[in-house]
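Visitor: Here it is, the structure in full.
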Amino acid sequence: MNARAPFAAASSHTPQNSEELPGEARQGIPMVELENISVSFRSPDGKLVQAVRDVSLQIASGEIFGIIGRSGAGKSTLVRTLNLLARPEKGHVSINGQNLLSLGENELRHARREIGMVFQHFNLLSSRTVFENVAFPLELAGHDKAYIAREVGQLLDLVGLHEQAWRYPHQLSGGQKQRVGIARALASKPKVLLSDEATSALDPETTRNILDLLRRINRELGLTIVLITHEMQVVKQICDRIAVMDSGRIVESGKVIDVFRAPQTAITRTMIGEVIAHELPSSVLTRIQRRRLARGNTAGPECLLRLSFAGDDVDRPLLSEAVKRYGLDFNILHGQIDEIQGQAFASLTLLAHAGEEALQGAKEFLRNHDVSIEELNHVV
Amino acid sequence: MSSELLNLLWSSFFETLVMVGVAGAAGALLGIPLGISLHITSANGILPRPFFNRIAGLLVNAVRSTPFIILLVAVIPLTRLIAGTSIGTAAAVVPLSIASCPFVARLVETALREVAPGLVEAAQAMGATRLQIVRKVLLPEALSGIVAGLTVTFVSLVGYSAMAGAIGGGGLGDLGIRYGYQRFLPEVMLVVVLVLIAFVQIVQSLGDYFVARISHRNQSSPTSA
Ligand SMILES: Nc1ncnc2c1ncn2[C@@H]1O[C@H](COP(=O)(O)OP(=O)(O)OP(=O)(O)O)[C@@H](O)[C@H]1O
Ligand SMILES: [Mg+2]
């Protein structure tokens, strides 16, 4: 199997969202490729619901790719096209170079064994023990008992559930159930793992453990993982790249750090808001607003800015240098430092007092040093 | 009570047992596959066949809405064909089986509908065939519901079998009517009713026992999926 260092891509970054594929995948064929996919449903009242609209997507081998978006954005539907649980009416779906839409029923069943899937509500068979649940896909594929026992033993070791082998799902905690789900998904040695909100029913601590497990699997088995989530925490912890969906379309995509530094769309900004709270205390906003009204509704010498630093920039005294050079006056209204994919990521919201010239100079200086700047004057 | 009456009670009980047992078994044998096909051919099933589903559903409803006493008489030609006679215990088994089959089918269909669609979807995602989905997902997951349904069927058959007296089927119900009501022996009626109550109780308890044995859901953790 593939043994690429999965995070090679994250070590260098460009300020813009880049659509380049990481590492060696740039030359090889992508593991997952969607081309102009559209899926629609007929709702009970007869209306046509366009769940996915003309989505194209490439995911490299060994990548952990996140899909985020509001409820109803079409994330589940999109991921379900990857194993044709949802059949797109238009476009191409290819996994590991194989065009799924051209396959007959039998061939599709075989192809599906190469694609594991884990679910939000685990979907374990309640009538089967942990062991039997993990054995299930191997039984379906017609393997013999000895092979199944050996494989299931190894899988239960991998997910740390050896002790629980003879328990039934209802006797397990949510985290343990999801481990069974993951072991089951890995049983047929898939190349791609699809995860639809696999941690959404779990508490934060268990979520972290499950994500660590997924990352370990990604590294050790070179498995490509496509995961849907509405939790930014999940994205931050394990994704290499993300796509943001809204009303059936991908509105933004790129490396996680880039999307976090310079979100391009309002929807992304709202979603990121969970992690980087750039919402300011309302009392502060009201005061700024009052002053601005007194000036006749112009921003005047006051400017609200959000600066994002990433990687090594976090350690450098860029801000104080800007202050010294351009005579900028400012007050920090909000600040946060975070870690995304092992890279430090800081965000500062400033209220700057400066003349137009000094402000432009400082902004340019900072931008030249890879600090991304977002003007927040519109929020006041 | 005279020993003659006791003998009669015993043979009537035996007749009831035969009618309920054979008709229940035949109903299960035909009703379970029918229930499965009703489920899988429905719009959201794994083998949607709207036309077949519609027709089968209509037939099932037609038999279920026919009062048993009418069904009993209406199927006499068929009874004669299968049992060779239109009177007696063996003859009563035929209409009882015909009545229990759609009953079982609907209960099985309901039990299958209780299986979370996510389980079927998970199996599909793993590349399961339709037959594998029925055998390894739907039936095992719905088994406790199916057993509960069969229990209900057997209990209902005890009631239906009382009407079998109309075609000389015998059984406890018939005994109760003939001796208790027509010959005005209330103590016979009372004994018959008590035996029937005990019988139904035993069937129900057995059913409940098996359901509890089979079901691995929600025994100790109320939140499990
Ligand atoms: N089987 C279906 N029949 C009809 N409409 C559907 C079906 N599945 C999805 N939809 C519709 O398609 C749209 C996208 O649904 P989807 O489940 O993909 O969203 P999602 O992004 O996964 O949302 P969530 O975060 O709530 O899971 C929604 O408007 C939904 O109502
Ligand atoms: Mg969803």
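The values are calculated or read from the model by the stated rules, or taken from the named source; none is laboratory data. Predicted, not measured: the structure shown is a model, and the values here were computed from it. Because the Cβ atoms are built from the backbone with ideal geometry, glycine has one as well, and the counts that use them run over all protein chains shown. With ligands, DNA and RNA removed, areas are computed over all heavy atoms of the protein, side chains included. Shrake-Rupley method; radii C 1.70, N 1.55, O 1.52, S 1.80 Å.
Visitor: Calculate the FRET efficiency for B:R80 and A:E105 from the Cβ-Cβ distance with a Förster distance of 41 Å, rounded to the nearest 0.05.
Guide: Plugging the Cβ-Cβ distance into 1/(1 + (r/R0)^6) gives 0.35.
Visitor: Further question on the same structure: Put a dot 7 Å past each Cα toward the Cβ at A:K189 and A:A165; how far apart are the dots in nm?
Guide: Label at A:A165, label at A:K189, 2.1 nm between them.
Visitor: Just to be sure I understand the model, the point goes 7 Å from the Cα along the line to the Cβ. What's the resulting A:L48 to B:E114 distance in nm?
Guide: So the label points at A:L48 and B:E114 sit 4.0 nm apart.
Visitor: Something else about it: For the modelled label position 7 Å from the Cα of A:R316 along Cα-to-Cβ, which residues of region A:337-380 have backbone nitrogen atoms closer than 11 Å?
Guide: Correct set: A:366-371.
Visitor: Another question, if that's okay. Summarise the long-distance tail of P(r) for region B:3-220 by giving the % of C-alpha pairs beyond 23 Å. Could you put the intermediate results ahead of the total?
Guide: Numbers: 12564 of 23653 pairs.
Here the long-distance tail beyond 23 Å is 53 percent of all Cα pairs in region B:3-220.
Visitor: Just to confirm the number: angle between the C-alpha axis of helix A:145-159 and the first principal axis of chain A, 0 to 90 degrees, nearest 10?
Guide: For A:145-159 against chain A, the angle is about 20 degrees.
Visitor: In addition: Between region B:56-87 and region B:111-168, what is the separation of their alpha carbon centroids in Å?
Guide: Measuring centre to centre over Cα atoms gives 23 Å.
Visitor: Let me ask something additional. So who's got an amide H within less than 5 Å of the one on A:V118, skipping anything under 5 residues away but keeping other chains? H placed 1.01 Å off N, in plane.
Guide: A:L194, A:S195, A:D196
Visitor: Quick one: in chain A, what % of C-alpha pairs are over 31 Å apart? Mind dumping the intermediate values first?
Guide: Working: 32025 of 72010 pairs.
Across chain A, Cα pairs with separations above 31 Å total 44 percent.
Visitor: Are any of the pairs A:K236/A:K324; A:K255/B:K136; A:K255/A:K324; A:K236/B:K136; A:K90/A:K145; A:K255/A:K363 more than 31 Å apart by Cα-Cα distance, and if so, which?
Guide: Values: A:K236/A:K324 34 Å; A:K255/B:K136 42 Å; A:K255/A:K324 33 Å; A:K236/B:K136 39 Å; A:K90/A:K145 42 Å; A:K255/A:K363 24 Å.
Listed pairs above 31 Å: A:K236/A:K324; A:K255/B:K136; A:K255/A:K324; A:K236/B:K136; A:K90/A:K145.
Visitor: Over chain A, what is the relative contact order in whole percent, taking alpha-carbon pairs under 8 Å and six or more residues apart? Show your work: numbers first, answer last.
Guide: Details: 693 pairs, mean separation 70.3, N = 380.
Answer for chain A is 18 percent.
Visitor: Still on this structure: Once the Cβ-Cβ distance between A:A266 and A:Q154 is put in as r, and R0 is 51 Å, what FRET efficiency do you end up with, to the nearest 0.05?
Guide: 0.60
Visitor: Return the equivalent ellipsoid semi-axes of region B:84-207 as a descending list in whole Å, where each equals the square root of 5 times an eigenvalue of the C-alpha gyration tensor.
Guide: On the way: eigenvalues 333, 54, 13 Å².
Three semi-axes, in Å: 41, 16, 8.
Visitor: If you don't mind, there's one more thing I want to ask. Sorted by accessible area (1.4 Å probe), largest first, how do B:S161, A:S40 line up?
Guide: Final ranking, largest accessible area leading: A:S40, B:S161.
Visitor: Using label points projected 7 Å from each Cα along Cα→Cβ, tell me how many nm separate B:E4 and B:T129, to one decimal.
Guide: 6.4 nm
Visitor: Estimate the FRET efficiency between B:F210 and B:S65 by the formula 1/(1 + (r/R0)^6), using the beta-carbon distance for r and 25 Å for R0, to the nearest 0.05. Write out the running numbers ahead of the final one.
Guide: Details: r = 30 Å, r/R0 = 1.19.
Plugging the Cβ-Cβ distance into 1/(1 + (r/R0)^6) gives 0.25.
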